[in-house]
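Notes follow the structure.
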Amino acid sequence: MKQKNNQNKKTNRNIVKNVTQGLLHQNALYTVIAIFFGFLVGGIFLWSAGFSPLEAYAKLFNSVFSRPKYLIWSVIYATPLMFTGLSVAFSYKMGVFNIGAEGQYVVGSLAALCVGILLDAPPILHVLLCMLAAIAAGMVWSLLVAILRVRFGINEVLSFIMFNWIAFYLSNYVINTEVIHKVGGGEASKDIRQSARILLPQSVLNILKNDKANYGIFLAIIAAIAIWFILTKTTLGYRVQAVGLNPHAAKYGGINSNKTMYIAMSLSGALAALGGAIQLMGNSMRISQFAGQEGFGFQGITVALIASSHPIGCIFAGLFYGAMKYGGSKLNLIDAPTEVVDIIMGTIVLFIAISHVFRYIITRRQKKKEDN
């Protein structure tokens, strides 16, 4: 009996050991650690500025979870971030840092705007045409950068940054054209037609007490599942990840890395552009003249980092960032600086970027403990 008990204890210790080792190699653990340090650093900055961190964080979370309509607003804020996060995550699997998601987002929203204003079509068809226009614009915008890299060896990061600014000024130019500009003045475009909007039925909007609730979140989830399926269940996904891990080995294995890059970067651009279209058709309904970059594409980089470039993870990371953006915008009600959200998110990114250090320290201590 005693021998059997000892054997059971040994088996339980092995189970605990295996579970612990499994957790230590999970990216989710280090993401949670990074989020904890993000709030900790944010709290330190609030305290140093003379604000109560507990009061500020209570207001932040209360502004998200206290009422259903606040949760819906958080989802609305999160939806375009999911698309830009997916865009960055997918291109990263290819080994490409898509800092150009901002420009792809802008041209996508601009293409959807033009179709939404200039074209008169039945509701469902009009929505599809706006989305197709956005997807086409985003694919072309990203494909041009891919061609510059493959054909001429130009670094894609530099090209993406330049294309972001081209998209920025192109949008301002188009908005100020007579056919697009808002009638009666104002630094914005006309509103898109009713038939081009993706709002939920009016009866549902009345129940939710939110006039901007839309179908975008469902499209974002579908897009995330589709990207996950492509990466894990298709030959294209295999080629994308193979080229991302080692382009020379992939080429030796018979994979056309140039063709794969064209396809992958085009899909990446389409995702970011679709995020711009969703934001336009489900929330803003117009585009204002830019005074600076909107930031959705750059925030998508944060989403992708929090999600560890996992497509399904981008859903939850986008929801987290969206909730932080919406809840953080209410901090001014207690005179706390809304910039604390940027501090928190920046700290999270920093700690995720150095997560390998945490992994090394924790696994090393665990190994020493086992040896002793």
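Which residues, taken from region 216-225, are out of contact with any Gly (no Cβ under 8 Å at 6 or more places or on another chain) and in contact (Cβ under 8 Å) with a residue 40 or more places away in the chain?
Matches in region 216-225: 217, 219, 221, 223, 224, 225.
Based on this model, can you work out whether residue 72 counts as touching a residue at least 12 places away in the same chain (Cβ under 8 Å), open to solvent by 10 Å² or more (accessible area, probe 1.4 Å) and within 23 Å of residue 60 (Cβ to Cβ)?
So residue 72 passes the test.
Among the candidates 179, 183, 174, single out the residue that is open to solvent by 30 Å² or more (accessible area, probe 1.4 Å) and either under 20 Å from the mean Cα position of the chain (by Cα) or in contact (Cβ under 8 Å) with a residue 12 or more places away in the chain (or both).
Of 179, 183, 174, the one residue that is open to solvent by 30 Å² or more (accessible area, probe 1.4 Å) and either under 20 Å from the mean Cα position of the chain (by Cα) or in contact (Cβ under 8 Å) with a residue 12 or more places away in the chain (or both) is 179.
Please work out which one of (1) surrounded by fewer than 19 Cβ atoms within 10 Å (Cβ to Cβ); (2) at pLDDT below 95 is the condition residue 213 fails and give its number.
The one condition residue 213 does not meet is (1).
Can you give me the number of residues within region 268-295 that are at negative phi and surrounded by fewer than 24 Cβ atoms within 10 Å (Cβ to Cβ)?
Number of matching residues: 11.
Go through (1) open to solvent by 70 Å² or more (accessible area, probe 1.4 Å); (2) in contact (Cβ under 8 Å) with a residue 24 or more places away in the chain; (3) hydrophobic (A, V, I, L, M, F, W, C) for residue 152 and report which single condition fails.
Going through the list (1) open to solvent by 70 Å² or more (accessible area, probe 1.4 Å); (2) in contact (Cβ under 8 Å) with a residue 24 or more places away in the chain; (3) hydrophobic (A, V, I, L, M, F, W, C), residue 152 breaks only (2).
Here are some conditions: (1) surrounded by 20 or more Cβ atoms within 10 Å (Cβ to Cβ); (2) touching a Gly at 6+ places or on another chain (Cβ under 8 Å); (3) under 28 Å from residue 264 (Cβ atoms); (4) of a type outside the set (Val, Ile, Thr). Residue 95 meets all but one. Which one does it not meet?
Tallying (1) surrounded by 20 or more Cβ atoms within 10 Å (Cβ to Cβ); (2) touching a Gly at 6+ places or on another chain (Cβ under 8 Å); (3) under 28 Å from residue 264 (Cβ atoms); (4) of a type outside the set (Val, Ile, Thr), residue 95 fails exactly one: (1).
Write out, first by first residue and then by second, each pair whose Cβ atoms fall under 9 Å of each other, whose residues are 6+ apart or on separate chains, and whose first residue, in region 45-62, is open to solvent by less than 50 Å² (accessible area, probe 1.4 Å) while the second is among the charged types (D, E, K, R) and part of a helix (DSSP H, G or I).
These pairs meet every condition: 46/55.
Any residue at all in region 85-102 that's farther than 25 Å from residue 245 by Cβ and touching a helix residue (DSSP H, G or I) at 6+ places or on another chain (Cβ under 6 Å)?
Yes; the residues of region 85-102 include at least one that is farther than 25 Å from residue 245 by Cβ and touching a helix residue (DSSP H, G or I) at 6+ places or on another chain (Cβ under 6 Å).
When region 102-125 is examined, which residues are found to be under 14 Å from residue 83 (Cβ atoms) and either open to solvent by 40 Å² or more (accessible area, probe 1.4 Å) or among the charged types (D, E, K, R) (or both)?
102
Of all residues in region 321-340, count the ones that are open to solvent by less than 10 Å² (accessible area, probe 1.4 Å), within 16 Å of the chain's Cα centre (by Cα) and aliphatic (A, V, I, L, M).
Summing the residues that are open to solvent by less than 10 Å² (accessible area, probe 1.4 Å), within 16 Å of the chain's Cα centre (by Cα) and aliphatic (A, V, I, L, M) in region 321-340 gives 1.
Being of a type in the set (Gly, Ala, Ser), surrounded by fewer than 22 Cβ atoms within 10 Å (Cβ to Cβ) and within 21 Å of residue 85 (Cα to Cα) is the filter here; which residues of region 243-267 pass it?
Those that are of a type in the set (Gly, Ala, Ser), surrounded by fewer than 22 Cβ atoms within 10 Å (Cβ to Cβ) and within 21 Å of residue 85 (Cα to Cα): 244, 266.
If you go through region 308-320 one residue at a time, how many are more than 9 Å from the chain's Cα centre (by Cα) and either under 13 Å from residue 227 (Cβ atoms) or open to solvent by less than 20 Å² (accessible area, probe 1.4 Å) (or both)?
So the answer is 5.
Going residue by residue through region 352-363, is there one that turns out to be crowded, with 20+ Cβ neighbours inside 10 Å, closer than 15 Å to residue 32 by Cβ and at pLDDT 70 or above?
yes
The values are calculated or read from the model by the stated rules, or taken from the named source; none is laboratory data. Everything quoted here is computed from the prediction, not taken from an experiment. For neighbour counting, all protein chains shown are included, and Cβ atoms are generated from backbone atoms with ideal geometry for every residue, glycine included. Only protein heavy atoms, including side chains, enter the accessible area calculation; ligands, DNA and RNA are left aside. Shrake-Rupley method; radii C 1.70, N 1.55, O 1.52, S 1.80 Å.
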